[in-house]
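The values are calculated or read from the model by the stated rules, or taken from the named source; none is laboratory data. Just so you know, these numbers come straight off a predicted model, no measurement behind them. When we count neighbours, we look across all protein chains shown, and the Cβ atoms used for this are built from the backbone with ideal geometry, even at glycine.
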Amino acid sequence: MKAVICEKPGDESVLKIGAAADPQAGPGQLLIRVKYAGLNRADLMQRQGFYPPPPGAPEIMGLECAGEVAAVGAGVSGWRVGERAMALLAGGGYAELAAVDSGSAMKIPAAMSDEEGAAFPEVFLTAFLNIFMLAEAKPGEAVLVHGGGSGVGTASILLCREAGVRSIVTAGSDAKCAQCLKLGADAAINYNAGPFPAAVRTATNGRGADVILDSIGAAYLGPNLEALAPGGRLVLIGLMKGARAEIDLNVVLRRHLKLMGSTLRSRPAQEKAQIVAALLERFGAALEAGRLRPPIYKTVPMANVADAHRMMAASEHFGKIVLRIA
């Protein structure tokens with residue numbers, strides 16, 4: 001099969017189209033003939049050598065894909081060859097074929113295109129896991145999401161809107177803030193216009209955010225604690241701006257704050273299957289009705305994968321960048 005090959009860490013120029021061995025559908029797995037693959041910032045980190053795949057995962061990049069089921073492994077029920085499928089992957093999406101644990105696959109609803117299917121699993125499952133399963137956001141609470149125009153950010157806006165949870169987002173320009181509001185965010189803060197904690201308190205009548213979903217890391221740790229409401233929950237999912245920071249633990253004690261760290265890629269297949277099942281149980285009707293459709297910024301041919309990575313690195317996109325594989 002054809003795949004995006006990255007033989008050594010480096011800039012976008014190390015990405016080449018080459019041949020790779022065809023994966024097989026083992027017991028409990030599906031083999032998907034990939035039509036589209038979603039890009040994620042983790043792909044850029046893997047290309048640079050900072051985020052290797054977990055043990056047993058393919059070296060090929062790509063954490064989500066969409067296409068048709070090409071083969072059904074032993075012990076798998078509820079799937080047949082030819083069905084449209086979207087899947088969460090530990091790797092392997094940038095290729096014509098991908099093997100995936102059946103519990104990490106979802107049927108693409110009729111209301112959703114294949115491009116949207118490829119843009120759905122990684123970001124919606126990340127947002128759902130961290131905001132609703134771990135932080136237990138409740139209707140009426142306020143959730144602050146950094147990077148509102150990103151894939152996880154836009155997924156968070158849509159899930160919060162559906163669940164009756166107020167969403168407050170940060171973004172790097174007034175134009176992106178306007179796009180977030182149009183998508184359904186209750187408030188949007190331009191982080192280049194000044195510190196965000198005061199703006200969060202203004203948006204919450206002085207209370208602060210009940211939940212913060214943060215992919216920034218060290219640079220935002222202090223301001224995040226300042227922006228939390230009493231009893232607030234901070235979920236850290238990325239380290240874009242540093243891994244080490246010093247904080248005043250008195251703030252955590254006095255205001256009964258909770259700090260959690262979370263990744264999705266390295267979780268066992270059984271845990272991922274439970275997250276998928278929980279998402280579908282809570283939001284399946286909205287998904288089928290077409291209310292959870294990820295915004296697509298641009299679809300790029302696999303041959304131009306380097307351009308797609310440059311586009312993501314520039315952070316000019318709103319929503320998802322998708323590779324056309326087929």
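Things worth noting here:
- When D174 is tested against (1) free of Cβ contacts under 8 Å to residues at least 24 places away in the same chain; (2) touching a Leu at 6+ places or on another chain (Cβ under 7 Å); (3) not aromatic (F, W, Y), only condition (2) is not met.
- Pairing each residue of region 189-200 that is at pLDDT 95 or above with any residue that is assigned to a loop (DSSP other than H, G, I, E, B) and buried (at least 20 other Cβ atoms within 10 Å of the Cβ), provided the two are 6+ apart or on different chains, yields C-beta distances under 9 Å for I189/G148; P197/G208; V200/G208.
- Looking only at region 81-133, and only at residues there that are touching a Ser or Thr at 6+ places or on another chain (Cβ under 8 Å) and among the β-branched types (V, I, T), the one that is farthest from P268 (Cα to Cα): I131
- Evaluation of A42 against (1) crowded, with 24+ Cβ neighbours inside 10 Å; (2) within 15 Å of the chain's Cα centre (by Cα); (3) not in a strand (DSSP E or B) (one fails), failing number: (1)
- Scanning region 287-313 for residues that are part of a helix (DSSP H, G or I) and under 18 Å from the mean Cα position of the chain (by Cα) returns L287, A308, H309, M311, M312, A313.
- Lone unmet requirement of (1) more than 19 Å from the chain's Cα centre (by Cα); (2) without any contact (Cβ under 8 Å) to a residue 40 or more places away in the chain for L89: (1)
- The criterion of being part of a loop (DSSP other than H, G, I, E, B) and farther than 20 Å from R282 by Cα does not hold for P109.
- Identity of the residue in region 219-255, in contact with a Leu (Cβ under 7 Å, 6 or more places away or on another chain) and small (G, A, S), that ends up farthest from D186 (Cα to Cα): A245
- Tally of residues being at pLDDT 95 or above and either under 16 Å from the mean Cα position of the chain (by Cα) or small (G, A, S) (or both) across region 266-279: 9
- Those residues of region 66-84 which are touching a Lys or Arg at 6+ places or on another chain (Cβ under 7 Å) and in a loop (DSSP other than H, G, I, E, B), in sequence order: E83
- Evaluation of A87 against (1) touching a Cys at 6+ places or on another chain (Cβ under 7 Å); (2) part of a loop (DSSP other than H, G, I, E, B) (one fails), failing number: (2)
- Single condition P301 does not satisfy, out of (1) in the same structural domain as A175 (by TED's automatic domain parsing); (2) touching a strand residue (DSSP E or B) at 6+ places or on another chain (Cβ under 7 Å); (3) surrounded by fewer than 17 Cβ atoms within 10 Å (Cβ to Cβ): (1)
- Taking the criterion of being within 16 Å of the chain's Cα centre (by Cα) and surrounded by fewer than 24 Cβ atoms within 10 Å (Cβ to Cβ), the only residue of region 92-105 that qualifies is S104.
- Contacts under 7 angstrom Cβ, first residue in region 53-74 being more than 17 Å from V322 (Cα to Cα), partner of a type in the set (S, T, Y) and surrounded by fewer than 18 Cβ atoms within 10 Å (Cβ to Cβ), 6 or more apart: P54/S266
- Boolean, I321 is touching a helix residue (DSSP H, G or I) at 6+ places or on another chain (Cβ under 9 Å) and in a strand (DSSP E or B): yes
- Any hit, region 153-160, residues being at pLDDT 95 or above, more than 18 Å from A227 (Cβ to Cβ) and either of a type outside the set (A, V, I, L, M, F, W, C) or not in a helix (DSSP H, G or I) (or both): yes
- So I17, is it in contact with a Gly (Cβ under 8 Å, 6 or more places away or on another chain) and either assigned to a strand (DSSP E or B) or within 20 Å of L323 (Cα to Cα) (or both): no
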